[in-house]
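S.K.: Dumping the structure here so I can ask a few things about it.
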Amino acid sequence: MKMIAAVIKPFKLDEVREALSGIGVQGITVTEVKGFGRQKGHTELYRGAEYVVDFLPKVKIEVAVSDELSDQVIEAIEGASRTGKIGDGKVFVFDLEQVVRIRTGETGKEAL
(Lines give C-alpha, C1' and ligand atoms only; values in the text may rest on other atoms or scores of the structure.)
Protein backbone atom coordinates (compact mmCIF):
# COMPACT_ATOMS: atom_id res chain seq x y z
CA MET A 1 0.00 0.00 0.00
CA LYS A 2 1.10 3.55 -0.70
CA MET A 3 0.35 6.97 0.76
CA ILE A 4 0.46 9.55 -2.02
CA ALA A 5 0.67 13.20 -1.04
CA ALA A 6 0.52 15.98 -3.62
CA VAL A 7 0.91 19.72 -3.18
CA ILE A 8 -0.85 21.55 -6.02
CA LYS A 9 -2.31 24.92 -6.99
CA PRO A 10 -5.72 25.47 -5.35
CA PHE A 11 -7.64 26.09 -8.58
CA LYS A 12 -6.64 22.64 -9.85
CA LEU A 13 -8.30 20.77 -6.96
CA ASP A 14 -11.60 20.01 -8.74
CA GLU A 15 -9.82 18.68 -11.83
CA VAL A 16 -7.61 16.42 -9.70
CA ARG A 17 -10.60 15.17 -7.67
CA GLU A 18 -12.48 14.31 -10.88
CA ALA A 19 -9.43 12.54 -12.33
CA LEU A 20 -9.00 10.46 -9.16
CA SER A 21 -12.70 9.59 -9.04
CA GLY A 22 -12.46 8.51 -12.68
CA ILE A 23 -9.86 5.85 -11.87
CA GLY A 24 -11.72 4.51 -8.83
CA VAL A 25 -10.15 6.32 -5.88
CA GLN A 26 -12.78 6.30 -3.14
CA GLY A 27 -11.46 8.87 -0.67
CA ILE A 28 -8.99 11.72 -0.39
CA THR A 29 -7.94 14.14 2.32
CA VAL A 30 -7.49 17.79 1.37
CA THR A 31 -5.67 20.40 3.44
CA GLU A 32 -5.11 24.07 2.68
CA VAL A 33 -1.40 24.79 3.12
CA LYS A 34 1.10 27.55 2.34
CA GLY A 35 4.60 27.21 1.03
CA PHE A 36 7.13 28.12 -1.60
CA GLY A 37 9.52 26.36 -3.91
CA ARG A 38 11.62 27.72 -6.70
CA GLN A 39 9.35 30.71 -7.24
CA LYS A 40 10.26 32.01 -3.74
CA GLY A 41 7.00 33.98 -3.44
CA HIS A 42 6.31 37.23 -5.24
CA THR A 43 5.60 40.92 -4.68
CA GLU A 44 2.13 42.44 -4.86
CA LEU A 45 0.81 45.98 -4.91
CA TYR A 46 -1.96 46.85 -2.43
CA ARG A 47 -3.26 50.43 -2.11
CA GLY A 48 -0.06 51.80 -3.55
CA ALA A 49 2.21 49.88 -1.18
CA GLU A 50 4.34 47.01 -2.41
CA TYR A 51 4.68 43.98 -0.18
CA VAL A 52 6.24 40.53 -0.45
CA VAL A 53 4.16 37.37 -0.35
CA ASP A 54 6.62 34.76 0.94
CA PHE A 55 4.28 31.80 1.26
CA LEU A 56 1.90 31.01 -1.56
CA PRO A 57 -1.45 29.28 -0.98
CA LYS A 58 -1.44 25.62 -2.01
CA VAL A 59 -3.59 22.54 -1.49
CA LYS A 60 -2.23 19.26 -0.14
CA ILE A 61 -4.01 16.08 -1.22
CA GLU A 62 -3.41 12.77 0.52
CA VAL A 63 -4.56 9.44 -0.90
CA ALA A 64 -4.02 5.93 0.48
CA VAL A 65 -4.11 3.33 -2.31
CA SER A 66 -3.07 -0.22 -3.11
CA ASP A 67 0.28 -0.78 -4.82
CA GLU A 68 -1.49 -1.71 -8.08
CA LEU A 69 -3.31 1.64 -8.26
CA SER A 70 -0.42 3.90 -7.22
CA ASP A 71 1.04 4.53 -10.71
CA GLN A 72 -2.40 5.44 -12.08
CA VAL A 73 -3.01 7.83 -9.18
CA ILE A 74 0.33 9.57 -9.73
CA GLU A 75 -0.38 9.95 -13.46
CA ALA A 76 -3.89 11.27 -12.78
CA ILE A 77 -2.67 13.88 -10.29
CA GLU A 78 0.19 14.90 -12.55
CA GLY A 79 -1.98 15.23 -15.64
CA ALA A 80 -4.85 17.08 -13.97
CA SER A 81 -2.71 19.55 -12.04
CA ARG A 82 -0.14 20.47 -14.70
CA THR A 83 -0.26 24.02 -16.07
CA GLY A 84 3.27 24.03 -17.44
CA LYS A 85 4.23 27.01 -15.28
CA ILE A 86 6.45 27.22 -12.23
CA GLY A 87 4.69 26.31 -8.99
CA ASP A 88 2.60 23.40 -10.32
CA GLY A 89 3.58 21.38 -7.25
CA LYS A 90 4.99 17.99 -6.35
CA VAL A 91 3.86 14.42 -5.70
CA PHE A 92 5.36 12.41 -2.83
CA VAL A 93 4.96 8.63 -2.46
CA PHE A 94 5.40 6.82 0.87
CA ASP A 95 5.16 3.15 1.77
CA LEU A 96 2.13 2.58 3.95
CA GLU A 97 2.79 -0.08 6.53
CA GLN A 98 -0.61 -0.55 8.12
CA VAL A 99 -4.17 0.78 7.77
CA VAL A 100 -6.99 0.17 10.25
CA ARG A 101 -10.61 1.14 9.65
CA ILE A 102 -11.76 2.35 13.06
CA ARG A 103 -15.46 1.56 12.60
CA THR A 104 -15.07 -2.12 11.66
CA GLY A 105 -11.54 -2.99 12.73
CA GLU A 106 -10.61 -4.07 9.18
CA THR A 107 -6.91 -3.89 8.40
CA GLY A 108 -4.72 -3.75 5.31
CA LYS A 109 -6.21 -3.40 1.82
CA GLU A 110 -9.71 -4.13 3.12
CA ALA A 111 -9.52 -0.96 5.24
CA LEU A 112 -8.87 1.24 2.21
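The values are calculated or read from the model by the stated rules, or taken from the named source; none is laboratory data. Just so we're clear, the structure is a prediction, and the values are computed from it rather than from any experiment. Don't worry about glycine lacking a Cβ; one is built from the backbone with ideal geometry, like all the others, and counts go over all protein chains shown. Keep in mind that these areas ignore ligands, DNA and RNA; they rest on the heavy atoms of the full protein, side chains included. Shrake-Rupley method; radii C 1.70, N 1.55, O 1.52, S 1.80 Å.
S.K.: So if I check each of VAL53, VAL91, VAL33, VAL100, which one is surrounded by 14 or more Cβ atoms within 10 Å (Cβ to Cβ) and at negative phi?
M.R.: Step by step, each of VAL53, VAL91, VAL33, VAL100 is checked, and only VAL91 is surrounded by 14 or more Cβ atoms within 10 Å (Cβ to Cβ) and at negative phi.
S.K.: Can you give me the ranges of the strands (runs of 3 or more DSSP E) entirely in the chain with at least 2 residues that are modelled with pLDDT of 90 or more?
M.R.: Per the criteria, 2-8, 29-35, 56-65, 89-95.
S.K.: Select from segment 61-80 the residues that are within 13 Å of ALA5 (Cβ to Cβ) and either crowded, with 17+ Cβ neighbours inside 10 Å or in contact (Cβ under 8 Å) with a residue 60 or more places away in the chain (or both) and list them in ascending order.
M.R.: ILE61, VAL63, ALA64, VAL65, SER70, VAL73, ILE74, ILE77
S.K.: Inspect all residues belonging to segment 37-48 and state whether any of them is open to solvent by less than 80 Å² (accessible area, probe 1.4 Å) and touching a helix residue (DSSP H, G or I) at 6+ places or on another chain (Cβ under 9 Å).
M.R.: no
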